[in-house]
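Report on the following structure.
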Amino acid sequence: MKKNSSIYVAGHKGLVGSAIVKKLKLQGYKNVITRTHKELDLVDKKKAESFFAKEKPEFVFLAAAKVGGIYANNTYPAEFIYQNLMIQTNVIDLSYKYGVKKLLFLASSCIYPKTCKQPIREEYLLTGPIELTNEAFAVAKLAGIKMCQAYNRQYGTNFISVIAANVYGVNDRFDENAHVISSLIKNFHEAKIKGQEAVTIWGSGKPKRDFLYVDDLVDACLFLMKNYNSSEIINVGTGIETSIKELAELVRQITGFKGKTIYDAAKPDGNLRRFLDSSKIKALGWKPNVVLNKGLRLAYNWYKELGNS
């Protein structure tokens, strides 16, 4: 990518997309193209095609998606599969049709089989059934990966697919579609403000995850756009596992909540362990920079700046 290249960031209001736009502008890229959902509904093929025909972006970061935690995935599976399939199908196909030089498709570690070996290597994809609590989202993302690979094979496009660990950080959401870290930050903070005696957390607290700060993921995405041109998927994670119980204790300390933490084991845990093997991208020269404790403090400080102090 050159500094004057036209770069479309789909989903620029989201957690990852907003961080990509910020980083591109900080690095001096002058032609970053964005559209809000109100301005452009990517589910609508005609509107999406009108946009591509007019703007003709050279590079595309496909970070637009309907995302959420276990509750949202369980409650709205039809919305998760339909909206994600339509968004990515339209953007990938139109990127081919209008000559995009390179596209980066962002997927999630939840696409891997529920019981595959740990740490999870890229070749474990599609070797077993997916965790049911996020099946709709995962199936859509799998389709996006396969679509990128099919277009590369048939049309000679350069569409790459990145599998991210559990991403968190500034500009995350705190509603019913929130991920685990933003949910914990909100719950512990509100409990402190209200003087509650305890905070109840879904599940047993035993599941382990690899938590990746959003700026590290963005650095990885920009690195891969410059240095990776394979159809094969590539993992991006920290290489460090943290249990939900350990995570909750860190968030409790950072928010200053003094009460008890209760785990509701009647609620679903999701995968008990999901830990990415990121040796492939690290061998290319990339590594994460933000440790979990620092990232949580950055996320919490931003949450308070929203008026939640």
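Summing Lys and Arg as +1 and Asp and Glu as -1 over all other residues whose Cβ lies under 14 Å from the Cβ of residue 156 gives a net charge of +4. Any chance you could give the angle, 0 to 90 degrees and rounded to 10, that helix 214-227 forms with the longest Cα principal axis of the chain? Helix 214-227 sits roughly 20 degrees off the main axis of the chain. Between the entries (i) 61, 49, 42; (ii) 60, 43, 34; (iii) 58, 42, 39, the label attached to Cα extents along the principal axes in Å calculated for this structure is (iii).
The amide H of residue 235, built 1.01 Å from its N in the peptide plane, has 163, 281 as neighbours under 5 Å, considering only residues 5 or more places off or on other chains. Protection proxy ranking for 290-301, 13-24, using the average of other Cβ atoms within 10 Å per residue and placing the highest first: 13-24, 290-301. Measuring nothing but how far apart in sequence close Cα pairs (under 8 Å, 6+ apart) lie, relative to its length, the range 160-255 scores a relative contact order of 46 percent.
Note on the chain: with a GNM built from Cα contacts shorter than 10 Å, the maximum mean-square fluctuation among 193, 33, 92 falls on 193. The C-alpha radius of gyration of the range 113-251, expressed as a fraction of 2.2 N^0.38 Å, stands at 1.23. Contact order for the chain, expressed relative to its length and based on alpha carbon pairs under 8 Å spaced 6+ residues apart, stands at 19 percent. For helix 15-26, what angle does its Cα long axis make with the longest principal axis of the chain, in degrees from 0 to 90 and rounded to 10? The two axes meet at around 60 degrees. Size check on the range 1-82: the Cα extents along the three principal axes, sorted descending, read 43, 29, 19 Å. Could you give the angle, 0 to 90 degrees to the nearest 10, between helix 135-155's Cα long axis and the longest principal axis of the Cα atoms of the chain? Approximately 20 degrees, to the nearest 10. Computed over neighbours whose Cβ is under 14 Å from that of residue 145, the net charge equals 0, Lys and Arg +1, Asp and Glu -1.
Toward the positive end of the charge dipole of the chain, with +1 on the Cβ of Lys and Arg and -1 on the Cβ of Asp and Glu, the farthest Cα among 29, 147, 72 is that of 29.
Values in this text are rule-based calculations from the coordinates and carry no lab data. These figures come from a predicted structure and were not determined experimentally. A quick note on method: Cβ atoms are made from the backbone with ideal geometry, for glycine too, and the neighbour counts reach across all protein chains shown.
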